[in-house]
1. Given N residues in the range 79-176, what is its alpha carbon radius of gyration divided by 2.2 N^0.38 Å?
2. List the trypsin sites (Lys or Arg not before Pro) in the range 46-152 that DSSP assigns to loop (not H, G, I, E or B) and whose Cβ has at most 12 other Cβ atoms within 10 Å. Which are they?
3. Using a Cα-Cα cut-off of under 17 Å, which aspartates and glutamates could be cross-linked to K73, ignoring same-chain neighbours fewer than 8 residues away?
4. What is the Cα radius of gyration of the chain over 2.2 N^0.38 Å, N being its residue count?
5. Sort E41, E132 so the one with the fewest other Cβ atoms within 10 Å of its own Cβ comes first.
6. Restricting to DSSP H runs of at least four residues, report the calculated mean residue ellipticity at 222 nm for the chain, -39500 (n - 2.57) per run over all residues, nearest 500 deg cm²/dmol.
7. Which percentage, to the nearest 5, of the DSSP beta bridges contained in the range 82-171 is antiparallel?
8. Among F141, F44, what is the fewest-to-most ranking by other Cβ atoms within 10 Å?
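Bear in mind that the values in this text are calculations on the coordinates, not laboratory data. Source: prediction; values computed, not measured. Using ideal geometry, Cβ is built from the backbone for each residue, glycine included, and neighbour counts are taken over all protein chains shown.
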Amino acid sequence: MVKEIPKAIIVEKVVITEESDLARDLYANHRFGNIKRQKVEMSFIEAFYLVEKKKLQIVDSREKNIDFDKLLKKFIRLETDFFVRYKVFADMRDRGYIIKTALKFGAEYRVYDKGVKPGEDHAKWILYPVREADKLTWFEFSSKNRVAHSTKKKLLLGIVDAEGDVTYYEVGWVRP
């Protein structure tokens, strides 16, 4: 027996699911995306993670499945630094954390501690995915730390190496 999974389509810069209980469960029980008009609207990264885990199917306008490789190429073309951001997102989700966008804070992601759902408590970290080969100036580093500090969160840098492995560094302010 094949397990039924919700379908979704790409609409501009987001992915929108069909209107179904299966789709809404992605938000209600797992905190993927947001509910909009009885459907779940999510980022390319959230949707791609669910496709990779075989919990979502993305289809084209003719209801034909978009295969994994074509979807990856499409998202890489449409979204800046998709690979690095996706690797960090997927790694944190695989570790059991809820990870949501933090654009309103001027950051990439906000991360909720294990077992905490958005709305129940505040995020623990502001997370910036960074490619290992990238250079970060002291000014950029300081501004990232200030964003985290001003939002009462800890700064977490997710460093992605050439093999796609992620190493995390937590940064905080110290007052001697």
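1. Taking N as the residue count of the range 79-176, the ratio is 1.04.
2. Those satisfying the criteria are K53, K54, R62, K64, R95, K114, K135, K152.
3. Cross-link targets: E12, E46, E52, D60, D81.
4. Normalised Cα radius of gyration, the chain: 1.09.
5. Listed from fewest to most nearby Cβ atoms, that is E132, E41.
6. Per the formula, -9000 deg cm²/dmol.
7. 60
8. By the 10 Å Cβ count, ascending: F141, F44.
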